[in-house]
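One structure is given below, encoded as structure tokens.
Computed from the coordinates by the stated procedures, all read-outs in this text should not be read as laboratory data. Please read all numbers here as calculations on a predicted model, not as lab measurements. Using ideal geometry, Cβ is built from the backbone for each residue, glycine included, and neighbour counts are taken over all protein chains shown.
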Amino acid sequence: MEPPYPAQTDNYHYEIELVVALGKKGIDIPLEKAHESVWGYATGLDMTRRDRQMALRQMGRPCEIGTAFDLSAP
């Protein structure tokens, strides 16, 4: 499957990411116990309208518009 090219961009960029699913709550967990909170792992495909993201960053605005669109993973 090839996702459709999103509107309002000339620079559609992809990134592969490691997704870590946590199975329980925690805060200030010691490094040696951190693995106990991990439920599982997956790969994620993060799509970004890079030109929109960079333009917003230069204006000092949040860059979510560059990453939040249909079929992306904001």
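If you add up the charges near L71, with Lys and Arg at +1 and Asp and Glu at -1, over every other residue whose beta carbon is less than 12 angstrom from its beta carbon, what do you get?
Numbers: positive: R49; negative: E2, D46, D70.
Net of charged neighbours comes to -2.
Among (1) 0.98; (2) 1.64; (3) 1.45, find the value of Cα Rg over 2.2 N^0.38 Å that was calculated from the structure presented, and write down its label.
Checking each listed value against the structure points to (3).
So what are the ³J(HN,Hα) numbers for the range 53-66, from phi and the Karplus equation (6.51, -1.76, 1.60; θ = phi - 60°), rounded to whole Hz, Gly and Pro as x?
Listing the rounded values in order: 4, 5, 4, 5, 4, 5, 7, x, 9, x, 9, 4, 4, x Hz.
With only Lys, Arg, Asp and Glu charged, each at its Cβ (+1 for the first two, -1 for the last two), find how big the charge dipole of the chain is about the Cα centre; round to the nearest 20 debye. Intermediate values should be presented prior to the final figure.
Values: 8 positive and 11 negative charges, 51 e Å.
Roughly 240 debye, rounded to the nearest 20.
Between beta-carbons, use under 12 Å as the cut-off and find the net charge around R49, counting Lys and Arg +1, Asp and Glu -1.
Numbers: positive: R50, R52; negative: D10, D46, D51, E64, D70.
Result for the neighbourhood of R49: -3.
Could you line up T9, T48, T67, T43 from fewest to most neighbouring Cβ atoms inside 10 Å?
Numbers: T9 16, T48 23, T67 19, T43 8.
Ranked by crowding around the Cβ, least crowded first: T43, T9, T67, T48.
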